[in-house]
Amino acid sequence: MRRTEQEGHGPVRYGPPLPDQGLPVLPGLTAALTASAEGIGGTGGPDGTGGAGGPVPGGRPSDGVPGRPRSDVGALLDAACAYWARRGLPTEPDRTAAASGGPALLLALTAAVGGDVLLPRPCAAWWEPQARLLGRAVFHAATPAECGGVPDPYALLETVRRVRAEGGDPRLLVLSVADDPAATVAPPELLHETVEAAAGEGLHVVSDETWRDTLHQEHDTVLLSPAEMLPDRVTVLTDLSGAHLPPGWPAAVARFPGDAAGARLRARVLDVLTATGAGVAAPVAAAAAYALGEPGDVVARRAAAARLHGRVAAALHRTVVSAGAVARPPRAGRHLYADLGPLRPALAARDVHDAQELEDYLTARLGTPVPGGHRFCDDLDALRVRLSTGPFLGAADSERTASLMSPAPLELPHVRRALTQVAAVFDELRDDAGRWESPR
């Protein structure tokens, strides 16, 4: 099963997308998108003006500059300011930016900050390619045992000192408090130590908060943004395709520090976004503004979706752990990160020796993409994979709607059937691994 270089499977073109919500699009979002498409069209600039393509009709003055009308992107940034304010992060529009997706925004931030980039291991699949595209060196720091997304503070300090000793120039740390792929939430104490360590080393922090609104048990989980701890050192980035929009509607927003350095950083980011044509399409911006406005239908759907994905993720966790694999309990998102290292003997008997081969094997057995840990900058030799919960909700809209509305979604035939298939594959590996154990 070992693949040759010619067969492909590169980390970018074949990388996994964000875990899909797996649910029908909310009618309010569709209505907002359709109304904008029929009335305006086009794109808006990353700062909410008409952008390189010219002013968008029907806008309003932006930043007090006559003749610079505000597009649907301007309304999106206004909605983002109110969204962050409700989460304890007061924000003005002139400290924000929007782009056509998280990767475009992170690319602009990486270009604007300069220097080498530090990431936790593992991390979101789309983080590292942005730095590599710019020719920047990327270094990884290990995460602690209790969570992913945030590097251990001591590992971070050691990595920074080693990089500098070797002539490197680390300037940027990207982290996530509610992370992909581990589906964990960083404890506030650990997060504070890591952010303090980063600030002490002069690093700028980008906090990817794409998954902050997907907590499975919102009232039992404490989630803090690094921007609440060190507001002058942290830029918040949210890819709205995570919790708020369907994957095919690309939009992301960023919140910059409120000091002079933050203003300069924002200006450089806007230049990059404009030069690369990374503006948000007006209809998508209108839908995103509607979502971030958090009307009742959006709040209710988001909460119901988080509960549903949480139940499926918990069932997956029970299945893989009972089979002998290792996984942190999922707390957010639509995924589970599992380590099948304890099942290595059974996998080796199937000619599965690394994460790529494990990805191929489980994808074929389960009939749905199961990206290996190497997609998330984890060790290729480690037998780790990300299991997404979206495919378990059903193949047709009727099944997905039933999953969303049911008080007992795990008992629905299509959900139970999918979970049973996973259990059968993992139990088979557990039984075979037991046969390969040395007699005591």
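The values are calculated or read from the model by the stated rules, or taken from the named source; none is laboratory data. Everything numeric here is computed off the predicted structure, so don't read it as measured data. Cβ coordinates were reconstructed from backbone atoms using ideal geometry, including for glycine residues, and neighbour counts include every protein chain displayed.
Going residue by residue through the stretch 299-309, is there one that turns out to be more than 23 Å from the chain's Cα centre (by Cα) and either free of Cβ contacts under 8 Å to residues at least 60 places away in the same chain or in a loop (DSSP other than H, G, I, E, B) (or both)? No, the stretch 299-309 has no match at all. Could you list, in sequence order, all residues of the stretch 182-212 that are under 15 Å from the mean Cα position of the chain (by Cα) and farther than 16 Å from A313 by Cα? A186, V206, S207, D208, E209, T210, R212 - these are the residues of the stretch 182-212 that are under 15 Å from the mean Cα position of the chain (by Cα) and farther than 16 Å from A313 by Cα. For first residues located in the stretch 202-219 and within 26 Å of V117 (Cα to Cα) and at pLDDT 95 or above, partners that are buried (at least 24 other Cβ atoms within 10 Å of the Cβ) and aromatic (F, W, Y) and lie 6+ apart or on another chain with Cβ distances below 8 Å form the pairs D208/W127. Restricting attention to the stretch 159-208 and to residues that are among the acidic types (D, E) and in a loop (DSSP other than H, G, I, E, B), the residue that is farthest from S388 (Cα to Cα) turns out to be E166.
Of all the criteria given as (1) more than 26 Å from A327 (Cα to Cα); (2) surrounded by 18 or more Cβ atoms within 10 Å (Cβ to Cβ), the one not satisfied by G167 is (2). A count restricted to the stretch 212-237 and to residues that are within 20 Å of T184 (Cβ to Cβ) and in contact with a Leu (Cβ under 9 Å, 6 or more places away or on another chain) stands at 12. Taking first residues from the stretch 271-286 that are closer than 18 Å to A75 by Cα and assigned by TED's automatic domain parsing to the domain that holds D47 and partners that are buried (at least 23 other Cβ atoms within 10 Å of the Cβ) and acidic (D, E), the Cβ contacts under 6 Å between residues at least 6 apart in sequence or on separate chains come to A282/D72; A285/D72; A286/D72. A single entry from V272, V326, V284 fulfils the requirement of being farther than 26 Å from V205 by Cα and surrounded by fewer than 23 Cβ atoms within 10 Å (Cβ to Cβ): V326.
The residue of the stretch 336-371 that is farthest from the chain's Cα centre (by Cα), among those that are small (G, A, S) and in a loop (DSSP other than H, G, I, E, B), is A349.
Scanning the stretch 74-93 for residues that are free of Cβ contacts under 8 Å to residues at least 60 places away in the same chain, in contact with a Gly (Cβ under 9 Å, 6 or more places away or on another chain) and surrounded by fewer than 20 Cβ atoms within 10 Å (Cβ to Cβ) yields P90, P93.
Of all residues in the stretch 362-377, those being within 20 Å of F426 (Cβ to Cβ) and surrounded by fewer than 22 Cβ atoms within 10 Å (Cβ to Cβ) number 7.
Can you confirm whether the stretch 238-260 contains a residue that is of a type outside the set (S, T, Y), in a helix (DSSP H, G or I), surrounded by 15 or more Cβ atoms within 10 Å (Cβ to Cβ) and touching a residue at least 12 places away in the same chain (Cβ under 8 Å)? No, because not a single residue in the stretch 238-260 is of a type outside the set (S, T, Y), in a helix (DSSP H, G or I), surrounded by 15 or more Cβ atoms within 10 Å (Cβ to Cβ) and touching a residue at least 12 places away in the same chain (Cβ under 8 Å).
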